[in-house]
Amino acid sequence: MKRILHSLVLLVALPAAGIAQANDGRILEFESRISINADATVIITETIKASGSGRGIRRDFPAAYKDHFGNTVKSGLQVLEALRDGRSEDYRIESTADGKRVYLGGKEDTLKPGVYVYTLKYAADRLISYSDDFDELYRNITGDQWGFVIENARAIVELPPGAYVVQQDAFTGRGNAKNQNVMIGADRQGNVTFAAAGPLQPGEGMTIAVAWPKGIVAAPGIGQKVTRALRDNSAILFGLAGLFFVFAYCLLRRDN
């Protein structure tokens, strides 16, 4: 199988990295269903079957990452649905130093020991990478900061109409590890599927990559690229502007 190559910085940067919190818990199943739309929006439905007690789970999403050119990219997140055992679940979103944290469960809720199924459905943007030869989704679907075992991890990727897989790859491990412990296949609808061959230990995650031909998923135009670059690197731009004004002020004082 031909490997899809990208800078390792993408592995730690994509907005899938997450942390879950549950007392004395285990993740029995972690499924991520990823639907890619022709307008480049991505809808992700995570189904997490967990055993334990406490006050639900939480997922962390970094607000920004570095692309393979070293540019800062800011990704948006919009929660569409939160469920526990098929019923609507309270959730809240809090800002963290690195991005956003989504809590599933009320602040005052206390769950008895048992098995619970959580569903988190959300929309995310700017997850697609565009190269000269193909477009690609490269994503750590589980995150690698869980404090306990994920017994079963799998992912399903749904491409937009007219798209087909030209390359695919997947691996598991901690940090930058690339253990080839993932089974890749297809479901009855033709969607590419990924399943970890064994449990993921604390601190391990599963990363997938899927590529399809160019021209099917909308790519950002020049104006949109410029606007995004300015927004993503606003801190640097403000710093440069400040230096410019200081320099200009010093020149004016010298001339006077």
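Within the range 144-158, the set of residues being of a type outside the set (F, W, Y), assigned to a loop (DSSP other than H, G, I, E, B) and surrounded by fewer than 22 Cβ atoms within 10 Å (Cβ to Cβ) comprises Q145, G147, V149, E151, N152. Answer yes or no as to whether V165 is under 14 Å from the mean Cα position of the chain (by Cα), surrounded by 16 or more Cβ atoms within 10 Å (Cβ to Cβ) and touching a residue at least 40 places away in the same chain (Cβ under 8 Å). Against the criterion (under 14 Å from the mean Cα position of the chain (by Cα), surrounded by 16 or more Cβ atoms within 10 Å (Cβ to Cβ) and touching a residue at least 40 places away in the same chain (Cβ under 8 Å)), V165 does not qualify.
Residues of the range 90-128 that are within 21 Å of S35 (Cβ to Cβ) and part of a loop (DSSP other than H, G, I, E, B): D125, R126, L127. Checked against the criterion of being of a type in the set (V, I, T), part of a loop (DSSP other than H, G, I, E, B) and at pLDDT 90 or above, the range 192-207 has no qualifying residue.
Could you please find all residues in the range 35-81 being at pLDDT below 85, farther than 20 Å from E94 by Cβ and touching a strand residue (DSSP E or B) at 6+ places or on another chain (Cβ under 9 Å)? Listed by number, the residues that qualify are G52, S53, K66, D67, H68, T72, V73. Checking each residue in the range 92-130 for being free of Cβ contacts under 8 Å to residues at least 24 places away in the same chain and more than 22 Å from G52 (Cβ to Cβ) picks out I93, S95, A97. Here A123 qualifies as in the same structural domain as T47 (by TED's automatic domain parsing), over 24 Å from L200 (Cα atoms) and aliphatic (A, V, I, L, M).
The values are calculated or read from the model by the stated rules, or taken from the named source; none is laboratory data. On a predicted model such as this, the values are computed, not experimentally measured, just so you know. Because the Cβ atoms are built from the backbone with ideal geometry, glycine has one as well, and the counts that use them run over all protein chains shown.
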